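Here, each number is a calculation from the coordinates, and none is a lab measurement. What you are looking at is a predicted structure, and each value in this text was computed from that prediction instead of being measured.
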């Protein structure tokens, strides 16, 4: 009886220790203390399907400079299932086999990925509605959709998912662009959203998510994101071989130089300027405005790759549209032009990464 009582007491103490440890654990704080990058594997689907997903990305956060990088992983990316040479496409691997995913991705990208999250369309709809929607700028990327027209449109959760899922030809790469439209717009609007950052809200958000992040860890990440920083994104560089999307030493070096290094190394004004490629459109009936702005920006050391007349409707107010630049680059162009209205319509097929549409306000 005494031995049984001692054993019961030990089990109770172990349970209390474990319960308290889980509730108070904050691995994010430990990574911050060690000055490490916080990496999160995010998997997403429109519907629950055996924990297999078509969408994968790695969100990398540098807490030192508050720089955020998003790496989109193509569905055909090769995952090593074991050390015996068996492989599968990442969209055929169940996500609760997280350790195998992490091991394989770490081998290629040389990143430590301690966290993961599974998110479904219903989660996105609920979260967008909780933050009271998002305002997206529409040029011509949405067609024949009732209630959505040229200019700024309000999107609730259902409209956001429709916006992502109706990308042309159902292309996963065009869906990446539309996801970035939403994420970068939310990042731009973080001052409005800051009132939502709190433990109660974070607990509500995570209620339906499948993740190994605890609410206090997610909250700490939110606190980092809501400080001034930068956001950039890329599709994992690689190539197709034997039906798989793979990365070799050459493509890794490209990824390391053009993306990972940018997460860590502080860029000066000159570095940011050299990354900017601008297209200028005159959105008024007054001739010569695009040429004048081109000359002005060239004098500032920026690269204008195209200018001309806007094919869109006339504009009263000038806008800057981010096509695939970092937030730092967008802010730099806003600073030099004095244009404060910035929007995000990502299109990685274009040569330019920033588009300016001149409005009537530039004629005064």
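Relative to the longest principal axis of the Cα atoms of the chain, the long axis of helix 2-24 makes an angle of roughly 10 degrees.
Each distinct pair of alpha carbons in segment 48-131 adds a 1/r term; the inverse of their mean, the Kirkwood radius, is 14.3 Å. Between 261, 334, 290, the GNM of the chain built on Cα springs shorter than 10 angstrom shows 261 fluctuating the most. Taken over the Cα atoms of segment 94-213, the convex hull encloses 141 Å³ per residue.
For the chain, what does -39500 (n - 2.57) per DSSP helix run (n ≥ 4), summed and divided by total residues, give at 222 nm, in deg cm²/dmol to the nearest 500? Write down the numbers at each step before the final one.
Working: 14 runs with 139 residues, N = 364.
Dividing the helical sum by the residues of the chain leaves -11000 deg cm²/dmol.
Over all distinct alpha-carbon pairs, what is the Kirkwood Rh of segment 281-323 in angstrom? Mean inverse Cα-Cα distance, inverted, gives 11.2 Å.
Pairs of alpha-carbon atoms within less than 8 angstrom and 6+ residues apart define the contacts here; what relative contact order does segment 125-227 have, in percent? Before the final figure, lay out each step's value.
On the way: 80 pairs, mean separation 23.6, N = 103.
Relative contact order of segment 125-227: 23 percent.
Residues considered: 350, 169, 262. Largest GNM mean-square fluctuation over the chain, using C-alpha springs under 10 Å, is found at 169.
Need one word for segment 34-177: rounded, prolate or oblate. Basis is the Cα gyration tensor (sqrt eigenvalues a ≥ b ≥ c); a/c below 1.5 gives rounded, then a/b vs b/c decides. Provide the component values of the computation, followed by the final result.
On the way: a/c = 2.26, a/b = 1.63, b/c = 1.39.
Cα axes put segment 34-177 in the prolate bin.
Look at where the Cα atoms of segment 251-313 and of segment 75-145 average out, and the two centres are 30 Å apart. Look at the alpha carbon pairs under 8 Å that are at least 6 residues apart: their mean separation over the length of the chain gives a relative contact order of 16 percent. Taking every Cα-Cα distance in segment 177-280 and sorting them into 10 Å bins starting at zero, the pair-distance distribution P(r) comes out as 11, 27, 34, 22, 5 percent.
With coordinates expressed along the principal axes, the C-alpha atoms belonging to the chain extend over 95, 47, 43 Å, beginning with the largest.
In the calculated pair-distance distribution of segment 308-364, the portion above 16 angstrom amounts to 42 percent of the Cα-Cα pairs.
When the expected Rg is taken as 2.2 N^0.38 Å, what fraction or multiple of it is the alpha-carbon Rg of segment 269-363? Spell out each step's value before the answer.
Numbers: Rg = 12.0 Å, N = 95, 2.2 N^0.38 = 12.4 Å.
Relative to the rule-of-thumb radius for its length, segment 269-363 sits at 0.97.
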